[in-house]
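Everything on this sheet refers to the single structure shown next.
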Amino acid sequence: MSLRTGKFSRMSAETRVEAEITLEGSGVSQIDTGIGFFDHMLELFTLHGGFDIHLSCNGDLEVDGHHTVEDTGIVLGKAFAKALGERKDIARYGTFFVPMDESLAMVCIDIGGRPFLYYQTPDLAGRVGQFDTQLAEEFFRAFSNSCGIGIHVRVLYGRNTHHMLEAVFKAFGRAMKQAVTITGNTGQVPSTKGVMD
């Protein structure tokens, strides 16, 4: 089986983002967005998804992190969409629960061609390091829209913001790993419509 890879870049007045992924990877990442905590979350996603991801973003961090985080979600989602191709023979769905000390997160994925995000967490601290925690939702929304997948994120409970977000990104990686797995060689998309959109 050939490796599924995707590459995408995007340049705007606010950011310059480049990403390359391999779905059949070993969890190796080279990630630099300029926001340390966000890089850490993406590294966790990469490792627990078993993907290889090379990603760089040069953004207008002198303004704030919003454009960097959102545009990273756009570009990473587009790279995943390219790697998935016609989405034939994939499992399509993935669900994973991850505990992180006092926190428990669940992420459910549908790679069905229709973007949707449900995102629910307990109250989070405003920042972790230099990361504005409101931007986690913006990342997942951008990824969902650009990749054409449904993402349901729920932190069932937790107190420590770092722990809650870490559980979410780990669960996201594990759920994506399930959903992109090749389950057969029928050459068909997993939909009675015959298309994934």
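Where a number appears in this text, it was derived from the coordinates with a stated rule and is not lab data. Predicted model, so just to flag it, every value in this text is computed and none were measured. Cβ placement follows ideal geometry from the backbone for every residue including glycine, while neighbour counts extend to all protein chains displayed.
Identify the single condition in (1) buried (at least 22 other Cβ atoms within 10 Å of the Cβ); (2) in contact with a helix residue (DSSP H, G or I) (Cβ under 8 Å, 6 or more places away or on another chain); (3) not small (Gly, Ala, Ser) that residue 117 does not satisfy, given that it satisfies every other one.
(1)
Output the residue which, of all residues in the range 78-106 that are small (Gly, Ala, Ser) and farther than 20 Å from residue 2 by Cβ, is surrounded by the most Cβ atoms within 10 Å (Cβ to Cβ).
Only one residue tops the list, namely 105.
Kindly indicate whether residue 132 is touching a residue at least 24 places away in the same chain (Cβ under 8 Å), more than 18 Å from residue 76 (Cα to Cα) and not aliphatic (A, V, I, L, M).
Taking the combined requirement at face value, the residue satisfies it.
What residue, of 24, 43, 62, 20, is in contact with a His (Cβ under 7 Å, 6 or more places away or on another chain) and farther than 13 Å from residue 135 by Cβ?
Only one candidate passes the filter, namely 20.
Find the strands (runs of 3 or more DSSP E) located wholly in the range 1-77 whose residues include 3 or more that are crowded, with 20+ Cβ neighbours inside 10 Å, and list them.
Answer list for the range 1-77: 15-22, 52-59.
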